[in-house]
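Structure record follows, encoded as structure tokens.
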Amino acid sequence: PFAYQVFEDEDFVTKTENHQFSGLYSTYFSSAVSNEFFGGYSKSRQHHFSDADGSSQNLAGRRDEMREDHFFTLENRIYYESESIQNMLGLHFHDFRLSEDYGFNLLFPLPGNLSTPVSVGQDVKRTRKVYSIFDSFTYRFNENHSLILGLRGETSESVYGTFVNGERLQDLGAPTNAAVDSYIAQVSGAYQGFQSNFV
């Protein structure tokens, strides 16, 4: 039981809150034709606390992470069934959004095996939208043989963005201050991207 031990001055704590809602509505137009409509929504929030430096000494304090996501989906399916034919035509859409916020102190390395804490903040935003149409077709020749065809077309759009900022917390003297601040300025700022594809 003592083969592996971890000593940290901050407890690791995760708090999660989750909400989910969904509904299914079915309509029968005739004995051969029916329709199903589905809608769903989920939302979750997670808050993490942990030790920023992973040691038993309070060098960098506590690391805070907040994640929040939203997911919304709609899908409609039309069914047709006869003695020899089964067909299902569907339309699908979903929208996903993720937000992440990080706050922690980073131990910036200095000459002589020294370090200085730098306050780091990072905000991340991600979104994804998906649209698709799909069809499943079955033709029964007899009790033992069937022809099955399927087709799905889907397009997705994804957007990613993050903003990083940092701040030196100690006065280290003019030359060292300038070097640390220069590095922080180089890596701080906004990063973003967009991607779309069709399958």
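Listing for the model above:
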quantity	calculated
Proximal aspartates and glutamates to Lys15, defined as alpha-carbon separation beneath 17 angstrom and excluding residues fewer than eight positions away on the same chain	Asp51, Asp64, Glu65, Glu68, Asp69, Glu100, Asp101
Zone residues, the stretch 25-57, relative to Phe71, backbone N less than 18 Å from point 7 Å out along Cα-to-Cβ	38-47
Spatial separation of Cα centroids for the stretch 120-199 and the stretch 98-113, in angstrom	23 Å
Å² per residue, accessible surface of the stretch 1-129 at 1.4 Å	66 Å²
Chain lengthening between Asn177 and Asp123 when straightened (0.36 nm per residue, less Cα-Cα)	16.9 nm
DSSP-loop GluC sites (Glu not before Pro) across the stretch 54-99, with at most 16 other Cβ within 10 angstrom	Glu83
Cα centre as origin, Lys/Arg/Asp/Glu Cβ charges: the stretch 86-199 dipole, Debye	280 debye
Residue (of Thr116, Gln46, His94) at the positive-pole extreme of the stretch 1-139, dipole from beta-carbon charges	His94
Residues listed by number, the stretch 141-178, amide nitrogen under 13 Å from Ser55 label point at 7 Å toward C-beta	none
Gain on full stretching of the segment that runs from Arg62 to Phe137 - 0.36 nm per residue minus C-alpha separation	21.3 nm
Percent accessible area from carbon and sulfur atoms, the stretch 133-199, protein chains only, probe 1.4 Å	56 percent
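The values are calculated or read from the model by the stated rules, or taken from the named source; none is laboratory data. It should be emphasised that the depicted structure is a prediction, and the values quoted were computed from it without experimental measurement. In this analysis, Cβ positions are derived from the backbone assuming ideal geometry, glycine residues included, and neighbour counts consider all displayed protein chains. Ligands, DNA and RNA are excluded from the accessible area calculation, which covers all protein heavy atoms including side chains. Shrake-Rupley method; radii C 1.70, N 1.55, O 1.52, S 1.80 Å.
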